[in-house]
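The values are calculated or read from the model by the stated rules, or taken from the named source; none is laboratory data. Just so you know, these numbers come straight off a predicted model, no measurement behind them. Heads up, the Cβs are rebuilt from the backbone with ideal geometry, glycines too, and the neighbour counts pull from every protein chain shown. Just so you know, the surface numbers come from the protein's heavy atoms only, side chains and all, with ligands and any DNA or RNA stripped out. Shrake-Rupley method; radii C 1.70, N 1.55, O 1.52, S 1.80 Å.
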Amino acid sequence: MRDSEIWDRLGIDATVDVREIRSAYARRLKTFDPEVEPEAFLVLREALDGALDRARWAAVADEEDRAKADGADGHIRHAEP
(Lines give C-alpha, C1' and ligand atoms only; values in the text may rest on other atoms or scores of the structure.)
Protein backbone atom coordinates (compact mmCIF):
# COMPACT_ATOMS: atom_id res chain seq x y z
CA MET A 1 0.00 0.00 0.00
CA ARG A 2 1.37 3.39 -1.00
CA ASP A 3 1.84 6.09 1.63
CA SER A 4 -0.92 8.26 0.20
CA GLU A 5 -3.36 5.33 0.33
CA ILE A 6 -2.55 4.67 3.97
CA TRP A 7 -3.42 8.18 5.07
CA ASP A 8 -6.44 8.42 2.77
CA ARG A 9 -7.88 5.20 4.17
CA LEU A 10 -7.35 6.42 7.72
CA GLY A 11 -8.73 9.86 6.85
CA ILE A 12 -5.80 11.82 8.26
CA ASP A 13 -2.69 13.61 7.08
CA ALA A 14 0.60 11.74 7.36
CA THR A 15 1.78 11.67 10.95
CA VAL A 16 4.05 9.76 13.32
CA ASP A 17 1.70 10.36 16.26
CA VAL A 18 0.64 6.84 17.28
CA ARG A 19 -2.32 8.14 19.28
CA GLU A 20 -3.65 10.05 16.28
CA ILE A 21 -3.19 7.01 14.05
CA ARG A 22 -5.05 4.72 16.46
CA SER A 23 -7.84 7.28 16.93
CA ALA A 24 -8.29 7.62 13.18
CA TYR A 25 -8.46 3.82 12.88
CA ALA A 26 -11.09 3.62 15.62
CA ARG A 27 -13.18 6.36 13.98
CA ARG A 28 -13.08 4.60 10.59
CA LEU A 29 -13.82 1.23 12.14
CA LYS A 30 -17.07 2.60 13.56
CA THR A 31 -18.31 3.44 10.05
CA PHE A 32 -18.90 -0.18 8.99
CA ASP A 33 -19.43 -3.67 10.35
CA PRO A 34 -16.29 -5.79 9.87
CA GLU A 35 -18.39 -8.96 9.84
CA VAL A 36 -20.50 -7.64 6.97
CA GLU A 37 -17.59 -6.04 5.12
CA PRO A 38 -14.52 -8.18 5.91
CA GLU A 39 -12.57 -6.88 2.91
CA ALA A 40 -13.05 -3.28 4.03
CA PHE A 41 -11.81 -4.30 7.47
CA LEU A 42 -8.69 -5.93 6.00
CA VAL A 43 -7.90 -2.82 3.96
CA LEU A 44 -8.36 -0.57 7.00
CA ARG A 45 -6.23 -2.89 9.13
CA GLU A 46 -3.50 -2.85 6.46
CA ALA A 47 -3.58 0.96 6.55
CA LEU A 48 -3.27 0.92 10.34
CA ASP A 49 -0.32 -1.48 10.22
CA GLY A 50 1.39 0.59 7.54
CA ALA A 51 0.91 3.83 9.46
CA LEU A 52 2.21 2.31 12.70
CA ASP A 53 5.23 0.87 10.87
CA ARG A 54 6.05 4.31 9.51
CA ALA A 55 5.67 5.84 12.98
CA ARG A 56 8.01 3.20 14.46
CA TRP A 57 10.62 3.76 11.74
CA ALA A 58 10.42 7.51 12.30
CA ALA A 59 10.98 6.99 16.03
CA VAL A 60 14.03 4.80 15.35
CA ALA A 61 15.46 7.32 12.91
CA ASP A 62 14.88 10.13 15.39
CA GLU A 63 16.61 8.16 18.14
CA GLU A 64 19.58 7.47 15.86
CA ASP A 65 19.81 11.15 14.94
CA ARG A 66 19.81 12.14 18.62
CA ALA A 67 22.51 9.57 19.38
CA LYS A 68 24.68 10.92 16.56
CA ALA A 69 24.16 14.47 17.80
CA ASP A 70 25.28 13.35 21.26
CA GLY A 71 28.44 11.84 19.77
CA ALA A 72 27.44 8.22 20.15
CA ASP A 73 28.18 6.12 17.10
CA GLY A 74 26.86 2.81 18.37
CA HIS A 75 30.28 1.19 18.74
CA ILE A 76 31.37 -0.43 21.96
CA ARG A 77 34.71 0.81 23.14
CA HIS A 78 36.98 -1.30 25.31
CA ALA A 79 39.33 0.15 27.86
CA GLU A 80 43.01 -0.07 27.06
CA PRO A 81 44.84 -2.68 29.20
statement: Under a 1.4 Å probe, counting only protein heavy atoms, Asp8 has an accessible area in Å², nearest 10, of 110
In the range 14-68, chymotrypsin sites (Phe, Trp or Tyr not before Pro) in a DSSP loop with at most 14 other beta-carbon atoms within 10 Å: Phe32
The range 1-48: C-alpha pair distances exceeding 16 Å, %: 32
- request: Please calculate the 1.4 Å probe accessible area of Val16, with all protein chains present, and give it to the nearest 10 Å².
  value: 90
task: Can you pull the one-decimal nm distance between simple spin-label points at Val36 and Ser23, each 7 Å off the Cα toward Cβ?
output: 2.7
